[in-house]
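Novice: Below: one structure in structure tokens.
The values are calculated or read from the model by the stated rules, or taken from the named source; none is laboratory data. What you see is a predicted model, and the numbers here were worked out from it, not measured in a lab. Reconstructed Cβ throughout: ideal geometry from the backbone, glycine too, with neighbour counts over all protein chains shown.
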Amino acid sequence: MRPKLRREIILVFACAAVLFTAGTLKSREDYMTSLPVYKHFKCLLCHASARPTSSSDLNVFGAAYRANGHSWDAAIAIADSDGDGYANGIELGDENGDGTAEIGFERSNPGDRSNTPNSVDLGTWGLLKSLFED
């Protein structure tokens with residue numbers, strides 16, 4: 001094979017790989033931004049690893065979210081995907097599933113059974129502490 005032709009083939013494959021990856025990363029970002037909050041757990045909300053390489057490593061919440069058409073709504077908010085006794089909406093701070101978080105952070109990860117919400121959130125804890133300060 002001629003060197004020039006070989007370089008052109010490599011360049012075509014490299015460009016195709018970049019375009020494919022860019023589209024995949026963009027769709028993942030769109031999925032995250034459709035959730036009420038995602039800043040703390042990011043990819044771990046839906047995946048078993050912090051740096052997922054494919055959709056095959058979805059956790060139980062990620063699988064439920066995909067089955068719901070990657071849509072955050074009341075149906076997925078009231079579900080308890082990880083079986084920890086807390087609805088997904090409580091864990092993500094949007095109990096009714098309208099897409100507007102009542103708090104600006106995740107209470108816990110709806111895809112991790114061992115990660116549950118604290119009974120007192122950070123704002124309430126600050127208020128309680130202020131009652132006992134001099």
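Novice: For region 63-78, give me the residue count where each residue is among the small types (Gly, Ala, Ser) and either in contact with a Phe, Trp or Tyr (Cβ under 9 Å, 6 or more places away or on another chain) or within 11 Å of Leu35 (Cβ to Cβ) (or both).
Specialist: 2
Novice: Take the conditions modelled with pLDDT under 90, under 18 Å from the mean Cα position of the chain (by Cα) and surrounded by 12 or more Cβ atoms within 10 Å (Cβ to Cβ) and apply them to Val37. Does it pass?
Specialist: yes
Novice: Across region 50-75, what is the total count of residues that are outside any helix (DSSP H, G or I), modelled with pLDDT under 90 and over 11 Å from the mean Cα position of the chain (by Cα)?
Specialist: Going through region 50-75 one residue at a time, the tally reaches 4.
Novice: Okay, next question. Condition first: closer than 18 Å to Asp82 by Cβ and either among the hydroxyl-bearing types (Ser, Thr, Tyr) or in contact with a strand residue (DSSP E or B) (Cβ under 9 Å, 6 or more places away or on another chain) (or both). Now tell me which residues in region 32-54 satisfy that.
Specialist: Within region 32-54, Tyr38, Cys46, His47, Ala48, Ser49, Pro52 qualify.
Novice: Please count how many residues of region 79-94 are over 17 Å from Val37 (Cβ atoms) and of a type outside the set (Gly, Ala, Ser).
Specialist: Residues in region 79-94 being over 17 Å from Val37 (Cβ atoms) and of a type outside the set (Gly, Ala, Ser): 2 in total.
Novice: Given Gly83, Gly99, Gly126, Gly104, which one is surrounded by fewer than 17 Cβ atoms within 10 Å (Cβ to Cβ), assigned to a loop (DSSP other than H, G, I, E, B), at pLDDT below 90 and out of contact with any strand residue (DSSP E or B) (no Cβ under 8 Å at 6 or more places or on another chain)?
Specialist: Testing whether each residue is surrounded by fewer than 17 Cβ atoms within 10 Å (Cβ to Cβ), assigned to a loop (DSSP other than H, G, I, E, B), at pLDDT below 90 and out of contact with any strand residue (DSSP E or B) (no Cβ under 8 Å at 6 or more places or on another chain) leaves just Gly104.
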